[in-house]
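Below is one structure, written out as structure tokens; comments come after it.
Every read-out reported here was derived from the displayed coordinates using simple, explicitly stated rules and does not represent laboratory data. In this text the structure is predicted, and so the values were computed from the model without any measurement. Cβ placement follows ideal geometry from the backbone for every residue including glycine, while neighbour counts extend to all protein chains displayed.
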Amino acid sequence: LARLRARLAKSNSGLGRGLLALLSRDTLDEETWEEIEDTLLLADVGVDPTTELVDTLRERVRVLGTKEPDQLRALLREELIKLVDPTMERELSVTAAPGRPAVVLVVGVNGTGKTTTVGKLARVLVAEDKDVVLGAADTFRAAAADQLQTWGERVGVPTVRSDKEGADPASVAHDAVRAGIDGESDVVLIDTAGRLQNKVGLMDQLGKVKRVAERALDGGTIDEVLLVLDATTGQNGMQQAKVFSEVVDISGIVLTKLDGTAKGGIVVAVQRALGVPVKLIGLGEGPDDLAPFTAEEFVDALLD
Ligand code: GDP
């Protein structure tokens, strides 16, 4: 975790430290406040949260009336944590119920890091002594199931897949859930296809995958629908988030590739837009590069 935090700090320290440096200037004139605003906007924090934060900082820095670095840092830390919202519930629902596993559906546009996230998450769960089954419901590309299976083998968990390219994704999801029930597994992680060309098609497909998986649970509900977003894609990612949230009820967001961008502010923007917490962050391509997200740790990494 310390290693991942260092990686996040490396890519995003410009944001936290940049803000602190600006706030520490001898005179906080209009130009400086504009620079603070620009810094936040450039990091993809979003217009409304940026305006709110700048207003609050202006008032609080004035009341504080000191340039004492530790006090400024503490003030900034407090306001950034508030912005990220420490009150959101970020724990994954991955506890099996009697007679059935927890089921997690992973959705998102291709290329955002879905399959990789499923693999990394399986590894985290296995380390917690959970029995995990993977479901390769991205049946549009044969390579997608191969890639997932490779992750499964690496992590030591079985992958339920169809050998037919273009097979019904819902049927694979069904089989994966059944395998989870029959094998008394703890968690079933289902990888899906995310082609955005056609919203109606996507809606039909994800809706059906969800319904059929729930039917396999004898009417139980899916425990998590995680939306995977690539942090480097900015407004494009925000647009994807909106489309997916109209198609299926998202319960959590996984923000990937935060290691490769200084735009960590997208955490704030996407949570605001969807009203759903970021639960996990991806900080690299390797099996251990997935971390739980907490507002405090995130902000501390930005200020490191
Ligand atoms: P999918 O099409 O959504 O399933 O995306 P993949 O899981 O195939 O990932 C697409 C690419 O992004 C791959 O090259 C991954 O190694 C890479 N990737 C995924 N997550 C991360 C991350 O957190 N950081 C970095 N740097 N790369 C990532």
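For LEU1 and LYS208, calculate 0.36 nm times their separation in residues minus their Cα-Cα distance, and state this gained length in nm to one decimal.
Details: separation 207, 0.36 × 207 = 74.52 nm, distance 3.69 nm.
Value of the extension gain: 70.8 nm.
Using only helices, what value at 222 nm comes out for the chain when you add -39,500 (n - 2.57) per DSSP H run of length 4 or more and divide by the total residues, to the nearest 500 deg cm²/dmol?
Working: 11 runs with 161 residues, N = 304.
When only DSSP H runs of four or more count, the value is -17000 deg cm²/dmol.
Rg to Rh for segment 122-237: what is it, with Cα atoms only and Rh by Kirkwood?
Here the Rg-to-Rh quotient is 0.97.
Compute the long axis of helix 2-23 from its Cα atoms, compare it with the longest principal axis of the Cα atoms of the chain, and write down the angle in degrees, 0 to 90, nearest 10.
So the inclination is approximately 30 degrees.
Using the Cα centre of segment 150-280 as the reference point, and only Cβ charges (+1 on K/R, -1 on D/E), how large is the resulting charge dipole? Debye, rounded to the nearest 20.
On the way: 15 positive and 18 negative charges, 126 e Å.
Roughly 600 debye for segment 150-280.
Using only alpha carbon positions, build the gyration tensor of segment 1-81, then give the equivalent ellipsoid semi-axes as the square roots of 5 times its eigenvalues, largest first, whole angstrom.
Details: eigenvalues 91, 48, 26 Å².
That gives 21, 16, 11 Å for the three semi-axes.
Putting +1 on Lys and Arg Cβ atoms and -1 on Asp and Glu Cβ atoms, find which of GLY156, ALA9, GLN239 reaches farthest to the positive end of the dipole of the chain.
GLY156
Counting Lys and Arg as +1 and Asp and Glu as -1, what is the net charge of the other residues whose Cβ lies under 14 Å from the Cβ of ARG272?
On the way: positive: LYS82, LYS242; negative: ASP44, ASP48, GLU52, ASP85.
Once all neighbours under 14 Å are counted, the net charge is -2.
So how strong a dipole does the chain carry about its Cα centre when Lys and Arg Cβ are +1 and Asp and Glu Cβ are -1, to the nearest 20 debye? Can you show the working numbers first?
Numbers: 35 positive and 50 negative charges, 117 e Å.
About 560 debye.
If I take R0 = 22 Å and measure r between the Cβ atoms of ASP163 and GLU184 in this structure, what FRET efficiency does the formula 1/(1 + (r/R0)^6) give, to the nearest 0.05?
Details: r = 26 Å, r/R0 = 1.16.
The formula returns an efficiency of 0.30 here.
Can you give me the angle between helix 69-84 and the longest principal axis of the chain, using Cα atoms only, in degrees from 0 to 90, rounded to the nearest 10?
Relative to the chain, helix 69-84 is tipped by roughly 40 degrees.
Trypsin sites (Lys or Arg not before Pro) within segment 112-183: which are DSSP loop residues with at most 16 other Cβ atoms inside 10 Å? Don't jump to the answer; show the numbers that get you there.
Values: sites: LYS114, LYS120, ARG123, LYS130, ARG141, ARG154, ARG161, LYS164, ARG178; in loops: LYS130, ARG141, ARG161, LYS164.
Qualifying residues, ordered by number: ARG141, LYS164.
Calculate the dipole size of segment 52-109 relative to its Cα centre from +1 charges on Lys and Arg beta carbons and -1 charges on Asp and Glu beta carbons; express the result in debye to the nearest 20.
Details: 9 positive and 10 negative charges, 19 e Å.
So the dipole magnitude of segment 52-109 works out to roughly 80 debye.
Please give me the summed charge of the neighbours of GLY219: other residues whose Cβ is under 12 Å from its Cβ, Lys and Arg +1, Asp and Glu -1.
Numbers: positive: ARG100, ARG211, ARG215; negative: GLU214, ASP218.
Result for the local shell: +1.
Of GLN71, VAL84, THR56, which is farthest towards the positive pole of segment 42-106's charge dipole, taken about the Cα centre with +1 and -1 on the beta-carbons of Lys, Arg and Asp, Glu respectively?
Projecting each Cα onto the dipole axis, the largest value belongs to GLN71.
Please compute the net charge surrounding VAL160, taking Lys and Arg as +1 and Asp and Glu as -1 over other residues with Cβ under 12 Å from its Cβ. Before the final figure, lay out each step's value.
On the way: positive: ARG161, ARG178; negative: ASP163, ASP175, ASP182, ASP191.
Around VAL160, the charge tally is -2.
Enumerate lysine pairs in segment 177-304 that are 8 or more residues apart or on different chains, then count those whose Cα atoms are under 21 Å apart.
Eligible lysine pairs with Cα atoms under 21 Å apart amount to 11.
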